[in-house]
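The values are calculated or read from the model by the stated rules, or taken from the named source; none is laboratory data. Please read these numbers as outputs of a predicted model, since none were measured by experiment. Note that we place each Cβ from the backbone using ideal geometry, even for glycine, and neighbour counts take in every protein chain shown.
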């Protein structure tokens, strides 16, 4: 069965510091991974997906198949980055289902 | 477009009561999903639907039922609510045509079962 693990429930950094949110997965097929973000009092929304190799709001994430990881990184954190972040893995079955990790609450302190 | 909407936003039930949560989307998406969000457990899929008239079980389906009579609506029912069903419920939708399998989420329903 596929699984997504986010080992840190809480992460706190200071403004301007680098931040890395960890995500590890287990999957027998070719993984398609996403990061979703939920800002306070807002709905969950897609942040980025590995297949697009894009940078959104300064965040990047690289898929490392050898280490089965998809860590989210930003070189200089901003206070507005404070949010709950979820890593998700697409199931290659009917319905395009996602398996989510437990989530990491990021707090960026001034 | 309103996107994905959920009704109600908040609800308090007593153990044993029943209720229905409504999810509606105006993006003509084929797929719809119901998740529950609990602290430390992330989002877990309850049920999902790949089209009008079809539903399937997700990871945690027990105690819930769903129906998709119209393409734009996906209903989640609790026949006999239990305190363990206290949670925040999210609906989402996606489409084969949506960019890279993106799921679009509703604002959530906070349910408390006493």
If only one of B:92, B:24, B:56 is without any contact (Cβ under 8 Å) to a residue 12 or more places away in the chain and either at negative phi or surrounded by 14 or more Cβ atoms within 10 Å (Cβ to Cβ) (or both), which one is it?
B:56
Lone unmet requirement of (1) out of contact with any strand residue (DSSP E or B) (no Cβ under 7 Å at 6 or more places or on another chain); (2) at pLDDT below 95 for residue B:27
(1)
State whether one or more residues within the range A:50-66 are part of a helix (DSSP H, G or I) and more than 14 Å from chain B (Cβ to nearest Cβ).
no
Qualifying residue in the range A:92-103 (condition: within 14 Å of the chain's Cα centre (by Cα), in a strand (DSSP E or B), within 25 Å of residue B:38 (Cβ to Cβ) and more than 10 Å from chain B (Cβ to nearest Cβ))
no
I'd like the full set of residues that are touching a helix residue (DSSP H, G or I) at 6+ places or on another chain (Cβ under 9 Å), surrounded by 19 or more Cβ atoms within 10 Å (Cβ to Cβ) and touching a residue at least 60 places away in the same chain (Cβ under 8 Å), limited to the range A:95-110.
A:98, A:106, A:108
Does the range A:9-20 contain at least one residue that is closer than 25 Å to residue B:108 by Cα and at the interface with chain B (Cβ under 10 Å from one of its Cβ atoms)?
yes
Condition first: facing chain B (nearest Cβ under 10 Å) and out of contact with any helix residue (DSSP H, G or I) (no Cβ under 9 Å at 6 or more places or on another chain). Now tell me which residues in the range A:76-91 satisfy that.
A:84, A:86, A:87, A:88, A:91
Tally up the residues in the range B:72-110 that are under 24 Å from residue A:39 (Cα atoms) and touching a helix residue (DSSP H, G or I) at 6+ places or on another chain (Cβ under 7 Å), please.
2
Somewhere in the range B:66-82, is a residue within 11 Å of chain A (Cβ to nearest Cβ), under 24 Å from residue A:89 (Cβ atoms) and in contact (Cβ under 8 Å) with a residue 12 or more places away in the chain?
no
By my count, strands (runs of 3 or more DSSP E) wholly in the range B:1-98 with at least 2 residues that are within 14 Å of the chain's Cα centre (by Cα) are B:4-7, B:19-25, B:31-38, B:42-51, B:54-57, B:65-67, B:73-78, B:87-94
Of the residues A:79, A:91, A:67, A:54, which single one is surrounded by fewer than 20 Cβ atoms within 10 Å (Cβ to Cβ) and at pLDDT 95 or above?
A:79
